[in-house]
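Below: the structure, in structure tokens.
The values are calculated or read from the model by the stated rules, or taken from the named source; none is laboratory data. In this text, all values refer to a predicted model and were calculated from it rather than measured experimentally. Glycine gets a Cβ as well: all are built from the backbone with ideal geometry, and neighbour counts include every protein chain shown.
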Amino acid sequence: METVTATRKETPHASSAPDTASAREASAPSTQEIDGFHLLIDALKENGIDTIFGLPGIPISDLTRKAQASGIRVISFRHEQNAGYAASIAGYLTQKPGICLTVSAPGFLNGLTALANATTNCFPMILVSGSSEREIVDLQQGDYEEMDQLAIAKPLCKAAFRVLHAEDIGIGVARAIRAAVSGRPGGIYLDLPAKLFPQAIDAEAGKHSLIKVVDPAPRQIPSNESVARALELLKNAARPLIILGKGAAYAQADADIRTLIEKTGIPYLPMSMAKGLLPDTHEQSAAAARSFVLPESDVVMLIGARLNWLLSHGKGKTWGGASPKAWGGQKFIQVDISPTEADSNVRIDAPVVGDIGSCVKAMLAQIGANWRQPPSEWLDAIGERKRKNVAKMAETLSKNPTPMNFHSALNVVRDIVKANPDAYLVNEGANALDFTRSIVDMYKPRKRLDVGTWGIMGIGMGFSIAAAVVGKGQVIAIEGDSAFGFSGMEVETICRYGLPVCVVILNNNGVYRGDEVNPTGGPDPAPLVFVKDARYEKLMEAFGGVGVQVTTPDELRKAMEDAIRSGKPTLVNAMIDEGAGTESGRITGLNPTAKKK
Ligand code: ADP
Ligand code: TZD
């Protein structure tokens, strides 16, 4: 490992210093000093960070080279936003902050959406951006890529730090790591001015300044009273329900969560990214009876799920309330690491504050052996609903219309995922998202990665790349054609690194659907439609991957099976009925225009 290299001392205008091999060679090596580049690399390595997602340029090009030379895996993207999404989902999968590295102003801004999205979703990530010279930025004298990045990042992340001196790099990295993973995880911004990288300090002092963070995400043990209060409510419930969110999946307390569900016998609903925490085929899953159990339940325990829009804020008709803002009759237990989450939307009768692993363990300890199972009327009523809905879905899935529609295509994906339960399923789009979520069963924890709390489009290729890189497994990405467009250029990245990613585009020629026309009869297409029958598969072929256009479920099945067998980067362009989608998928009600119709 290349650890100690001396380089030029401070360059007056490091941000405009030539970023070339000859300039690097010109710097005289000495053995007693270490520079900012190497201090940063060593600080990351010291804390077990082995992968960086980023996009090089002034002032961080050399950092990417030196990081790779030091054994860190550097995954270089075509757009910083995708590198940021990759870092954030790597953080979710590993509980270590994912690192996204960008250049100054525009690169930083490109990464910022991903940072904000990470914070919103409680994914731990650190956006590390090079920045221009402080003195020039602060006097607004017009430096190369001038921007007060720290100030801009602050409101969009959990914490933001800037390091000005090489001897503080260890502290800066340690603070960023702790802030990212402790408590409620989130996005952190680390601002590194260009001048920092070539700063050299005494090697021994430098080594001593690095911190290996001890216990970065300390357990947070819930109080006994809060656990007892929650169990008391649950025990006396007539129609109890547990909702598992992506916080529960993140916590990696899989076995204990399963034991809690099975011991109590309480039906549960998985939120989208909690699918597979217990296999979706588990008999206690009430997913197929969602619209029945939410309004009918009397006590609901949320584990790592917020009562935000995805759960209709815990009120209104979804929950049996008489009007959109009226509360239902439920009592809520909320298990969450954030003490301020409780009462954010409706009253939480029993908050249990702590990390999910510790909270679930504490509950199991207090439950003991003689827990009374929920009343059989409740379980039977749910069973009845499930049977009806599952039969109805099976009937829809068995149809084989021409052209293919979402159902007949996803029926194939459902089989493929069942046969490959270890594969990651990345999913975005509107109809492509909603139908996949309800049709494709998941069997293992943290395998389903999707648009999350914001319903953000564009995570597709970044998430796929990260899942393949840190999850070291096959990835299947089910993409709306619009959704794919946000990150489509990263198929080059997928090919360049030879990643086992099978992208399936459910191509219906537009946003939501593809059959709208311009009402004026003018030459411009309607705003929500794309080029008809676009050949997206050729994009993958352009970079050496496999591209296949399919029009039937049989062709789709063969293409996906081939992709998984070969592990080759593959893009399957699945042509589906352009009239098959609904405006905004399942959330039509949130769309003011659609509402008026
Ligand atoms: P979903 O979208 O699946 O409903 P949310 O993102 O709304 O899930 O909620 C996740 C919740 O999980 C957040 O409130 C967050 O504070 C919490 N959380 C995340 N990690 C942990 C953890 N390790 N222990 C406890 N709570 C956690
Ligand atoms: N931009 C961003 C960053 N996120 C968004 N969610 C949107 C725009 C709006 N939007 C949706 O909410 S879904 C969607 C957009 C543009 C695309 C839907 O079309 P699709 O999927 O082709 O991806 P379906 O299957 O045709 O519905």
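Taking Lys472 as meeting all but one of (1) on the phi > 0 side of the Ramachandran plot; (2) in contact with a strand residue (DSSP E or B) (Cβ under 9 Å, 6 or more places away or on another chain), write down the number of the exception.
Among (1) on the phi > 0 side of the Ramachandran plot; (2) in contact with a strand residue (DSSP E or B) (Cβ under 9 Å, 6 or more places away or on another chain), the lone unmet condition for Lys472 is (2).
Show me the helices (runs of 4 or more DSSP H) found entirely inside the stretch 438-549 where at least 1 residues are within 20 Å of Thr51 (Cβ to Cβ).
Numbers: elements: 460-470, 481-485, 491-496, 537-542.
Fully inside the stretch 438-549 and qualifying: 460-470, 491-496.
Within the set of pairs 6 or more residues apart or between chains, which connect a residue that is within 22 Å of Gly579 (Cα to Cα) inside the stretch 462-486 to a residue that is charged (D, E, K, R) and within 16 Å of ligand 2 (Cβ to nearest atom) with Cβ atoms less than 7 Å apart?
Qualifying pairs under 7 Å: Glu479/Glu428; Gly480/Glu428; Ala483/Glu428.
When you scan the stretch 324-339, do you find a residue that is within 16 Å of ligand 2 (Cβ to nearest atom) and farther than 21 Å from Gly383 by Cβ, even just one?
The initial filter retains those residues of the stretch 324-339 that are within 16 Å of ligand 2 (Cβ to nearest atom), namely none.
No, the conditions are met nowhere in the stretch 324-339.
Output the number of the condition that Glu583 fails; it satisfies all remaining conditions of (1) within 25 Å of the chain's Cα centre (by Cα); (2) not in a loop (DSSP other than H, G, I, E, B).
It is condition (2) that Glu583 fails.
Kindly indicate whether any position in the stretch 275-282 is more than 25 Å from Pro124 (Cβ to Cβ), β-branched (Val, Ile, Thr) and surrounded by fewer than 18 Cβ atoms within 10 Å (Cβ to Cβ). Working first, answer last.
The initial filter retains those residues of the stretch 275-282 that are more than 25 Å from Pro124 (Cβ to Cβ), namely 279-282.
Narrowing further to those that are β-branched (Val, Ile, Thr): 281.
Now drop any that are not surrounded by fewer than 18 Cβ atoms within 10 Å (Cβ to Cβ), which leaves 281.
Yes, that holds for at least one residue.
Being among the polar types (S, T, N, Q) and more than 16 Å from ligand 2 (Cβ to nearest atom) is the filter here, so list the residues in the stretch 349-408 that pass it.
Across the stretch 349-408, the qualifying residues are Ser358, Gln366, Asn370, Gln373, Ser376, Asn389, Thr396, Ser398, Asn400, Thr402.
For Asp441, state whether it is of a type in the set (D, E, K, R) and closer than 21 Å to Glu80 by Cα. Lay out the reasoning, then the answer.
Numbers: of a type in the set (D, E, K, R): yes; closer than 21 Å to Glu80 by Cα: no.
So Asp441 fails the test.
Given the options Thr340, Thr318, name the one that is surrounded by fewer than 23 Cβ atoms within 10 Å (Cβ to Cβ) and more than 28 Å from Lys386 (Cβ to Cβ). Write out each step before concluding.
On the way: Thr318 fails: more than 28 Å from Lys386 (Cβ to Cβ).
None of the other options fit; the residue is Thr340.
Specify which of the listed residues (Asp422, Asp415) is within 24 Å of Arg290 (Cβ to Cβ), in contact (Cβ under 8 Å) with a residue 12 or more places away in the chain and either surrounded by fewer than 24 Cβ atoms within 10 Å (Cβ to Cβ) or out of contact with any strand residue (DSSP E or B) (no Cβ under 8 Å at 6 or more places or on another chain) (or both).
Details: Asp422 fails: within 24 Å of Arg290 (Cβ to Cβ).
None of the other options fit; the residue is Asp415.
Among the residues of the stretch 262-269, is there at least one that is within 28 Å of Leu433 (Cα to Cα), within 13 Å of ligand 1 (Cβ to nearest atom) and free of Cβ contacts under 8 Å to residues at least 60 places away in the same chain?
Just the residues of the stretch 262-269 that are within 28 Å of Leu433 (Cα to Cα), to begin with: 266-269.
Keeping just the survivors that are within 13 Å of ligand 1 (Cβ to nearest atom) gives 268-269.
Filter once more, keeping what is free of Cβ contacts under 8 Å to residues at least 60 places away in the same chain: 268-269.
Checked the stretch 262-269: at least one residue is within 28 Å of Leu433 (Cα to Cα), within 13 Å of ligand 1 (Cβ to nearest atom) and free of Cβ contacts under 8 Å to residues at least 60 places away in the same chain.
Here is a yes/no grid of residues against (1) touching a residue at least 24 places away in the same chain (Cβ under 8 Å); (2) touching a strand residue (DSSP E or B) at 6+ places or on another chain (Cβ under 6 Å); (3) within 16 Å of ligand 1 (Cβ to nearest atom):
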site	(1), (2), (3)
Met489	yes, no, no
Glu492	yes, no, no
Tyr497	yes, no, no
Cys502	yes, yes, no
Asn508	yes, no, no
Arg513	yes, no, no
Thr520	no, no, no
Leu528	no, yes, no
Asp533	yes, no, no
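I'd like the residue in the stretch 218-255 that is in contact (Cβ under 8 Å) with a residue 12 or more places away in the chain, assigned to a helix (DSSP H, G or I) and more than 19 Å from Val300 (Cα to Cα) and, out of all such residues, is farthest from ligand 2 (Cβ to nearest atom).
By that ranking, first place goes to Asn224.
Mind checking which pairs have a first residue in the stretch 429-453 that is closer than 14 Å to Leu310 by Cβ and within 16 Å of ligand 1 (Cβ to nearest atom) and a second that is modelled with pLDDT of 95 or more and of a type in the set (Asp, Glu), Cβ under 8 Å, 6 or more apart or different chains?
As it stands, the answer is Leu433/Asp450; Arg437/Asp450; Asp450/Glu428; Val451/Glu428, since those pairs meet every condition given.
Among the residues of the stretch 241-274, write down those that are charged (D, E, K, R) and crowded, with 22+ Cβ neighbours inside 10 Å.
From the stretch 241-274, those charged (D, E, K, R) are 246, 254, 256, 258, 262-263; that's our starting set.
Answer for the stretch 241-274, where residues must be charged (D, E, K, R) and crowded, with 22+ Cβ neighbours inside 10 Å: just Lys246.
Provide a single number: the residues in the stretch 343-376 that are charged (D, E, K, R) and free of Cβ contacts under 8 Å to residues at least 40 places away in the same chain. Explain how you work it out, then say what you get.
We begin by selecting, within the stretch 343-376, every residue charged (D, E, K, R); these are 343, 347, 349, 355, 361, 372.
Going one step further and asking which of them are free of Cβ contacts under 8 Å to residues at least 40 places away in the same chain, we end up with 343, 347.
The total comes to 2.
Looking only at the stretch 554-597, how many residues end up being within 16 Å of ligand 1 (Cβ to nearest atom) and of a type in the set (D, E, K, R)?
Total satisfying the criteria: 1.
If you check Val299 against the conditions, is it under 19 Å from Ala237 (Cβ atoms) and more than 16 Å from ligand 1 (Cβ to nearest atom)? Write out each step before concluding.
Details: under 19 Å from Ala237 (Cβ atoms): yes; more than 16 Å from ligand 1 (Cβ to nearest atom): yes.
Judged against the criteria, Val299 is a match.
State whether one or more residues within the stretch 397-412 are within 16 Å of ligand 1 (Cβ to nearest atom), under 24 Å from Val550 (Cα atoms) and of a type in the set (A, V, I, L, M).
no
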